[in-house]
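First the structure, in the form of structure tokens, and then the observations on it.
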Amino acid sequence: MKAVQFAHFGERDVLEYIDVATPKPKNDDLLIEVTAAGVNFVDIRERMGVYGRPETHVGHIDLPHISGLQAVGTVMEVGPSGDRSRIGAKVMSYLPAGGGYAQFAVAPAKLSVQLPTSIDETAMAALPTQGLTAYLMLTACTQLRPGESVLVQGASGGVGSIAVQIARILGAGLVLGTAGSEKKRQFVRSIGADFAVDYNRPDWPKDVLGKTGGRGVDILLESIGREIFEQNFECLATFGRYIIFGSTRGPGKPFEPRRLMKKSQSISGIYLPVYLAKADLLQEALQFFVEQVANGKLRPQVSQTLPLSQAAEAHRLLEEQKTVGVIVLNPKR
Ligand SMILES: NC(=O)c1ccc[n+]([C@@H]2O[C@H](COP(=O)([O-])OP(=O)(O)OC[C@H]3O[C@@H](n4cnc5c(N)ncnc54)[C@H](OP(=O)(O)O)[C@@H]3O)[C@@H](O)[C@H]2O)c1
């Protein structure tokens, strides 16, 4: 089968579009013929060899590696203890071990949910990793209560755009999103945010305070880092919960935790693979996405669809912040 693999960590030119052996499903795994594979910012970090470093704190990648944390496809085969009745079904899968940048991928049975035949497969491929991260941050991690305000940093990105929509579905009050260009801010408003904030302006926290009557927000989701990390505390409310899920601009300065006492605030982090220990929660969330897309409340945003052979171009567009939503690779083109 064709796949995009890297044998060394590095820049985009380490990605090779080559022939590799089709994987075999083990245990109760599913072998799916991939029709659409979603791209994540995490894939770039994997390619660069960022995971497993002491300063990164999480992750590990063995080489050679095929990236791709999510795919939609048809079940062609199951492992020796698998459920053969799933053969022929269309599924959306979270692939924690990667492998989605390929014509065939092995997917854990528990992390694959059946899709209605009428659903848009490309759009569903934009959901699993970004959606699970967003959903868990707003539920298990910060326990959003109806009416609470939420600020989503990087709200036009894959995780951010789903987080804005899930916050709305879960009954958030005010939803604010940040983005770096007017085009992206327009998009953030179009997916349900009440206001879109330009976080490249140094005094952007004033906008958030202005929109919240000086109180600040109850929940803050952040994956940017650097100066944005410190600025967030200017607009986090009393009892506010702040969750960190990435560092696209690099980490912020060290933080003195006793500062949190003054306003009874909390700060936490998430690394999605840790939730594999709670696979039922992941499955429940994937099922929630299928229902919410079917009833029209959740609209996954596909930025571009590119042939699988152009995975390096997908990485370039993400690295240069040229996307709105998620890029999806098509292994059949
Ligand atoms: N913790 C976890 O388990 C987990 C799971 C999934 C993803 N993540 C992390 O979540 C973050 C978002 O992932 P994603 O797939 O949604 O990425 P994405 O689609 O590229 O979105 C990232 C957003 O960050 C903003 N950004 C600011 N500075 C940037 C920079 N220097 N480079 C790139 N983007 C920058 C961009 O918006 P503007 O152009 O508007 O600034 C962009 O919309 C990443 O850090 C990723 O590693 C973490």
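The values are calculated or read from the model by the stated rules, or taken from the named source; none is laboratory data. What you are looking at is a predicted structure, and each value in this text was computed from that prediction instead of being measured. Positions of Cβ are backbone-derived with ideal geometry, glycine not excepted, and every protein chain shown enters the neighbour counts. Side chains are part of the model used for accessible areas, which takes the heavy atoms of the whole protein and leaves out ligands, DNA and RNA. Shrake-Rupley method; radii C 1.70, N 1.55, O 1.52, S 1.80 Å.
A few comments on the model shown:
- Of the residues screened, Gly192 is one that is in the same structural domain as Ala237 (by TED's automatic domain parsing), touching a helix residue (DSSP H, G or I) at 6+ places or on another chain (Cβ under 9 Å) and more than 10 Å from the ligand (Cβ to nearest atom).
- Residue count for the range 226-270, restricted to those that are touching a Ser or Thr at 6+ places or on another chain (Cβ under 9 Å), within 14 Å of Gly154 (Cβ to Cβ) and open to solvent by less than 50 Å² (accessible area, probe 1.4 Å): 6
- Helices (runs of 4 or more DSSP H) completely within the range 59-169 that count 2 or more residues being in contact with a Lys or Arg (Cβ under 9 Å, 6 or more places away or on another chain): 121-124, 158-169
- Selection count where residues are away from the ligand (no atom under 16 Å from the Cβ) and either of a type in the set (Asp, Glu) or not assigned by TED's automatic domain parsing to the domain that holds Phe245 (or both), scope the range 262-294: 10
- Unmet requirement for Asn330, which otherwise passes all of (1) over 22 Å from Val164 (Cβ atoms); (2) polar (S, T, N, Q); (3) modelled with pLDDT under 95: (3)
- Flag for Ala37 being farther than 23 Å from Glu16 by Cβ and at pLDDT 95 or above: no
- Selection of the range 152-189 for residues being within 22 Å of Glu234 (Cα to Cα) and away from the ligand (no atom under 14 Å from the Cβ) yields Ala167, Ala172, Gly173, Leu174, Val175.
- Conditions (1) modelled with pLDDT under 95; (2) surrounded by fewer than 12 Cβ atoms within 10 Å (Cβ to Cβ); number of the one not met by Gly214: (1)
- If only residues of the range 322-333 that are more than 11 Å from the ligand (Cβ to nearest atom), crowded, with 21+ Cβ neighbours inside 10 Å and not β-branched (Val, Ile, Thr) are counted, the one that is farthest from Gly38 (Cα to Cα) is Pro331.
- Residue list for the range 305-321, filter: within 12 Å of the ligand (Cβ to nearest atom) and surrounded by fewer than 16 Cβ atoms within 10 Å (Cβ to Cβ): Arg316, Glu319, Glu320, Gln321
- The residues on offer are Pro64, Pro25, and the sole one that is touching a residue at least 60 places away in the same chain (Cβ under 8 Å) and over 26 Å from Gly160 (Cβ atoms) is Pro25.
- Members of the range 94-111 that are open to solvent by less than 10 Å² (accessible area, probe 1.4 Å), under 18 Å from Thr305 (Cβ atoms) and of a type outside the set (A, V, I, L, M): Gly100, Tyr101
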